Amino acid sequence: MKLKNNKGRHSRTSRFFRKLFKMQETSDLPPEETPIVGGNDENDTNDAPKDVPVKKVNYGLEHDEDLKKETKEVKRFNDLRGDKTYGRRIAGFFSRMKCIGGCYNPSQNRKPLEIPSDTELGAKSRIIGPPSLDKAWEYFEHYTLPRYLTTRVDPETNKVLYARAKPGEDDEPTSLYPVWKTPLKDLGDLGTGVAMYFDAVRFFGVVAFLAGILSIPSILYFMNDYSPDGKEDISNRLNMASSVCTATSWKPCPNCTLDILDAWPTENYVNLRVANGTAADGSGDEVFFILSNDCDLNETYSILTLVTVLFFAVATLIFIYHQRRLRAKLDEGDQTTSDYSVLIKNPPQTREARDPEQWKAFFEKTFDDVHVTICTVALDNEELLNKLVKRRKLLTKLKNVLPPHVDYCAVDLEKTVLSCPEPNLFLRLLGFSAGPKHVYDRIRKLEEDIARLGELSYPVSSVFVTFETEEMQRRVLQAMSYPKLCKKSVPTEYRFDRTWILKVVEPDEPSSIRWKDLDESPKLRLFQRCFTFALTCALIGVGAACIGLARTHSVELSAIIIILLNAISPHIVRFLTRFESHINESTYHSSSYIKVTLIRWVNTVIVTALITPFTYTLMDGDHLIEQLRVLFTAELVQRPILQLTDWMGNVKRHIFAPRARNQTKMNILFMSHTYSIGERYTDLTKLLFLTCFYAPIYPAAWWFTTLILFVYYWIDKFCVLRTWRQGAKIGSDISIISVYFFLGCVVTYSLLAAYNFAMFPFDSVCKTDVDVPSKYVGDYNNGAFSIAEGDKAYEFCDQDLFRTGIFPPLASNIPNSEMWMTDIQKKYLPLYAWISIAMVVLAATFLLFRLIVVFVLPLCSKKRKFATKASEQPFSKVENIKGYVPQICINGHLTNVLACDERGIEELIGWEVPENEQFDNLIDDMHQVLDRLGDEKNRRRGDPTFSQVKHWPPESLHEIETKLSEDTAKITAFGSMHKFFLQ
């Protein structure tokens, strides 16, 4: 029966839904705050159909638990207008509009779907309500975006503490983090790496601003007195603040030839620096001329460039020290699970090692007054998990093609498959869609493999042990950290089973652990990284060839190619890094960060320098300086536009989501992509490297960098708090690696300042003491220039010190340097050279020191230092803290899927689920497969085919106080622990 709209008045069903969900006419909220659910707004003429039987809907509400669950979910969060994102407000506004509400949000006009009863399965008929767009926005804001608890206030200052809430928190009121007011230290709740990135952007933004101020006299000199002609004929006035030299003149060069500059890469360009002609004396002889740059550097520029180099070097060293202190401060201010835990990377492959109780007994027996709160025994069952994940994805395919009126039945999968329609001919011809029967056959094959794998006994890959206090964790780490060359000296009491020597380290955060990659050996990980690094080098070569080819056509085309390569390189690197095994997300993102940084450094900076002919460095027109301006302008414009518009996310949320078939699909469309701190760092280091490489000849780059970093800071902060989905909490690994790149920028700046100062004026023209031959005397180019008798001849001299490989760039090491260097260059070049040498030695010393600390000292030293003081707060008293619970992220699922028994550890998983719902668990899939196959083995939850997690909450404070009071000696010996538990 076709349903009709009842325009001009409200249908009974529409009034029923509004009454049920307490819509606009009964709500105390203003109209824009009313949740958008299945019914329409009071003023909307496109109401729900009039002729839907009310009794049938009531019957569904009485018997349909899913619809009751949906009704309760809509009322779960009462967000005020100020707590909503602008996208949600816009969606609500468009949905309530009479003219376009039905077109923008067709889901609000859908009728409830009746699922008929199934006597074979004993299922009653029920009615499924339509998906709610406002519920999807609630999911987006409460599950994907970070929120803080609004009730947490500092009693002394009465300021909000911005304590982060769990995803889906509904026990206490929460709100989105404010973009402008959230302090840097509270961004550390999203991950130490997040806070340290924003600190780095802010710090170097200030450094770039101060360096720009130091460069103002140099910029003014380049704009006014640098070029004798005042740069009146410059092609682009925006390049006035650069070292572009428009004052050029042709010099007689008797020993020149037209091919004297044809060495690569000049051979790919039209020769603009050497010309020939006919002698002016009428003899008809061929004469040659070479183009000379007639610009000079003054003393102010020479001094201020040196000062800027020293300032940037000192600022970078201060930054390294500052980040070390900030890292300790963030770690001390944020109590995380890793502060209380240890990771055993090489557990023995015995039956006892698979039992968490054995690990608890080992540590509590080995160390006095140690309480193990949680123990996670991760098994090497990657193959089984992969099969279960593949099966889950295939089941999702079946659900997606199932007609809306047919209910999915996991028990009778054959009936579900028969209810699925076959894909159309077009999709089958393209190979984009397999039929439901083919999907079912694959599921059956996977189920057979899963049943077979479920009978195996899996070894232990890693063990995570969480203690009740930080002091306990540090005692264990200190005692069980031993020199690698002295393994035999480890006491037997510190050995598991008194024989096995354990490798104990502090783990990363629980959300950062990659549970399927814990079993790979270090040699395999090293091979994988070397292989992907080799592929990265090949990509760099391909990208360089593309940029060079584009540069032969135009500067703009080469800049576009560079921008495109920089944009797609993270995606290519992420694909390559998928073939690597990483214990945690921090090392995964660090590996990606190094590769992307190398690609972007080479593409943006090094290739640009290599494909630019040496004598074209300071030329006006479509050459190096113009290309730099285009690159800086693109950096300033491109990324903010792409991030702010978030065109793909907005298309999903505002176009695809309102047309989704059910609530789950609608929520999935609201899952924005996660951000990568490594990619953010690559943009920062790439920008600094580009600036340091060319700032000596383009000092305005510091002002570009200041503005770009200012935009980076606020745009990234807005996206982190309002657009991007929260991923794993990334530690400080990337910030530590970035130190080497920042030092590389210091070395680059000092070296390029010295070499550019020595190679100026970049024309390879040297004046000789020989008079010009008589045949050159006369006028040329219709009197444009003339050669007089007694003028000196010029010759070609190679000023490209990079090509000759001269280091350091001292005048004594440079052949014929006195023929082109001015007195100012000869005066200040030694300072430039020795400062560059000092920077190289400083960076090399720092690198050598780090190599000794990281690789040499652990071989022979047992001493372990902790950067912060141990906290007295017990693990069980830390709010919203997670445990090491094995879980897997599957595309198309709203939350991670657990891979262990969750009973008894629900509060440690890390997110909330709605009431009356359960956590999604692969163990349930395993039991479902065994039930379908009639296999009676491995049916109990938490069986040994899956990782084990045990939680032992500490005794009550009263019992601890009584126990401690019985032994005064014990109270004295462990008084700090007593005070710790009584707090």
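The values are calculated or read from the model by the stated rules, or taken from the named source; none is laboratory data. Please read these numbers as outputs of a predicted model, since none were measured by experiment. For neighbour counting, all protein chains shown are included, and Cβ atoms are generated from backbone atoms with ideal geometry for every residue, glycine included. For accessibility, only protein heavy atoms count, side chains too; no ligands or nucleic acids. Shrake-Rupley method; radii C 1.70, N 1.55, O 1.52, S 1.80 Å.
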Cβ contacts < 7 Å: first residue acidic (Asp, Glu), restricted to segment 393-420; second residue open to solvent by less than 40 Å² (accessible area, probe 1.4 Å) and modelled with pLDDT under 75, any location; separation 6+ or different chain. Result?
Asp407/Ile115
Met671 is checked against (1) under 17 Å from Phe198 (Cβ atoms); (2) open to solvent by 20 Å² or more (accessible area, probe 1.4 Å) and fails just one. What number does that condition carry?
(1)
Anything in segment 158-175 that is in contact with a strand residue (DSSP E or B) (Cβ under 6 Å, 6 or more places away or on another chain) and in a loop (DSSP other than H, G, I, E, B)? List them, or say none.
Tyr162, Ala165, Glu172
Would you check which residues across segment 234-275 are open to solvent by 70 Å² or more (accessible area, probe 1.4 Å), modelled with pLDDT of 85 or more and part of a helix (DSSP H, G or I) and list them?
Arg237, Leu238
For segment 762-797, give me each residue that is touching a helix residue (DSSP H, G or I) at 6+ places or on another chain (Cβ under 8 Å), assigned to a loop (DSSP other than H, G, I, E, B) and surrounded by 16 or more Cβ atoms within 10 Å (Cβ to Cβ).
Phe762, Asp763, Ser764, Cys797
From the list Ser738, Ser732, which one is open to solvent by 10 Å² or more (accessible area, probe 1.4 Å) and touching a residue at least 60 places away in the same chain (Cβ under 8 Å)?
Ser732
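Of Ala353, Ala361, Ala279, which residue is open to solvent by less than 70 Å² (accessible area, probe 1.4 Å) and without any contact (Cβ under 8 Å) to a residue 12 or more places away in the chain?
One residue alone meets the criteria, Ala361.
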Criterion: touching a Gly at 6+ places or on another chain (Cβ under 7 Å) and either of a type in the set (D, E, K, R) or at pLDDT 95 or above (or both) - qualifying residue of Arg639, Arg680, Arg653:
Arg653
Would you mind telling me which numbered condition in (1) among the β-branched types (Val, Ile, Thr); (2) open to solvent by 30 Å² or more (accessible area, probe 1.4 Å); (3) under 18 Å from Leu343 (Cβ atoms); (4) free of Cβ contacts under 8 Å to residues at least 60 places away in the same chain Val490 fails?
(2)
Report yes if Leu810 is surrounded by fewer than 18 Cβ atoms within 10 Å (Cβ to Cβ) and hydrophobic (A, V, I, L, M, F, W, C), otherwise no.
yes
Output the helices (runs of 4 or more DSSP H) that fall wholly within segment 331-425 and possess 1 or more residues being at pLDDT 90 or above, within 22 Å of Pro510 (Cα to Cα) and among the charged types (D, E, K, R), or say none.
356-366, 382-401
What residue, among those in segment 452-467 that are over 30 Å from Val370 (Cα atoms) and open to solvent by less than 10 Å² (accessible area, probe 1.4 Å), is modelled with the lowest pLDDT?
Gly454
When you check Leu418 against the structure, is it aliphatic (A, V, I, L, M) and either surrounded by 15 or more Cβ atoms within 10 Å (Cβ to Cβ) or in contact with a helix residue (DSSP H, G or I) (Cβ under 6 Å, 6 or more places away or on another chain) (or both), yes or no?
no
If you scan segment 861-875, which residues turn out to be surrounded by 19 or more Cβ atoms within 10 Å (Cβ to Cβ) and either in contact with a strand residue (DSSP E or B) (Cβ under 7 Å, 6 or more places away or on another chain) or among the basic types (Lys, Arg) (or both)?
Phe875
Given the options Pro178, Pro131, Pro155, name the one that is outside any helix (DSSP H, G or I) and buried (at least 23 other Cβ atoms within 10 Å of the Cβ).
Pro131
